[in-house]
Amino acid sequence: MDGRNCYRTKIASHRAGTLLWGELTPMGFRNTLKLPVEQVELDIHLSKDGRLVVMHDHNIGRVTDSKGEIAELAWPELSKVTINYSGGQNPLLLEDVCELYSQTDVDLRLEIKTSKDWVHYEGIEENAVDVIRSFGMEERTTISSFSLQPLQNIEKFHFTGNRLWLVGQEILGFLGMGNVYSLGRQIGINAFSVHIGQIKDSIDFFRTMDASIGAYGAHCHRTITEALALEVDVFTTDRPDLAAKLREKTQNRIANST
């Protein structure tokens, strides 16, 4: 049975399968393409010289053999650092990922990050849209963020892909589902993703509002199984290999029961 499109829940390889191949490594992006998943998830920051660097943290200290803020470093320096647990691999640019994925059937799930102290990167949205369009991937890209500002800014550039609000656990708890939905709809967002620990209490509300609802943080057998059982629209996982196997098992069980 084909692993794609046979079951409503899509799988996104979080940080290109970080628990398998290191965090956002070239190997992770290549190996994700060998799995029956629908999306690869990545994060971008803006370097000192305006390059879109694929990395999760605004400071490279946790994930590489070097230190410093991405906003204060130029790409020639950043390109030479080594990603931890990667076997000597170096960081990528967004354009590198687009080139690798543009002729495949795996879509991009692109999270726009902020710099130190949650400061917004001026111009990051326009730069990202330009790169995505240059590879013909606009319709196959979902722009996501925990902040509404980038999701609102992206509209200025007539982005025709999807926009997704990653709703922080504290935000959902403080505002409540109704206010979260209303805030999203005010800027034209109808796709939301909540932490796997909050999905069970949230999914019925968002489905009632005819919104797309997904989950993040499903990294183990139990949480992946929960995401599949609830039939969320899409979930991110550090173990895309395990998620694909569990989804296939679910597909086979459904097929055998009909």
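Under a 5 Å amide H cut-off, with hydrogens placed 1.01 Å from N, Met55 pairs with Asp43, Ile44, His45 among residues at least 5 apart or on other chains.
Applied to the stretch 187-201, the Karplus parametrisation 6.51 cos²θ - 1.76 cosθ + 1.60 on θ = phi - 60° returns per-residue 3J(HN,Hα) values of 10, x, 9, 10, 10, 9, 9, 10, 4, 4, x, 10, 5, 4, 7 Hz, with x for Gly and Pro.
Our helix-only sum for the chain, with -39,500 (n - 2.57) per DSSP H run of n ≥ 4 divided by its residues, gives a mean residue ellipticity at 222 nm of -11000 deg cm²/dmol. Excluding the site residues themselves, the longest part of the chain lacking any GluC sites (Glu not before Pro) in a DSSP loop with at most 13 other Cβ atoms within 10 Å is 1-121. Each Cα pair under 8 Å and six or more residues apart adds its separation to the average, and for the stretch 93-207 the resulting relative contact order is 21 percent. Working note: Karplus 6.51/-1.76/1.60 with θ = phi - 60° gives the stretch 78-89 the couplings 4, 5, 9, 6, 10, 6, 4, 6, 10, x, x, 7 Hz, where Gly and Pro are set to x.
Relative to the longest principal axis of the Cα atoms of the chain, helix 221-230 runs at roughly 60 degrees. Legend: distances between Cα atoms for Lys80/Lys116; Lys113/Lys245; Lys34/Lys67; Lys200/Lys245; Lys200/Lys249; Lys34/Lys116; pairs beyond 26 Å are Lys113/Lys245; Lys34/Lys67; Lys34/Lys116. The stretch 204-235 and the stretch 239-253 have Cα centres lying 15 Å from one another. The longest part of the chain holding none of the exposed loop trypsin sites (Lys or Arg not before Pro), meaning those outside H, G, I, E and B in DSSP with at most 12 other Cβ atoms within 10 Å, is 81-258. Across the stretch 65-71, rounded Karplus estimates of 3J(HN,Hα) from the backbone phi angles (6.51 cos²θ - 1.76 cosθ + 1.60, θ = phi - 60°) give 8, 10, 9, x, 7, 4, 5 Hz, Gly and Pro being marked x. Calculated FRET efficiency, Asp105 to Asn179, Cβ-Cβ distance, R0 = 41 Å: about 0.65 to the nearest 0.05. Taking amide H atoms as placed 1.01 Å from N in the peptide plane, the amide H of Thr64 lies under 5 Å from those of Asn84, each 5 or more residues away in sequence or on another chain. The mean sequence distance of close C-alpha pairs (under 8 Å, at least 6 residues apart), as a share of the length of the stretch 10-257, puts its relative contact order at 19 percent. Between amide H atoms placed 1.01 Å from N, distances below 5 Å from Lys10 occur with Val234, Phe235, all of them 5 or more places distant or on a separate chain.
Any read-out appearing in this document is the output of simple, stated calculations on the displayed coordinates, not a laboratory observation. Worth saying up front: this structure is predicted, and the values here are computed from it rather than measured. A quick note on method: Cβ atoms are made from the backbone with ideal geometry, for glycine too, and the neighbour counts reach across all protein chains shown.
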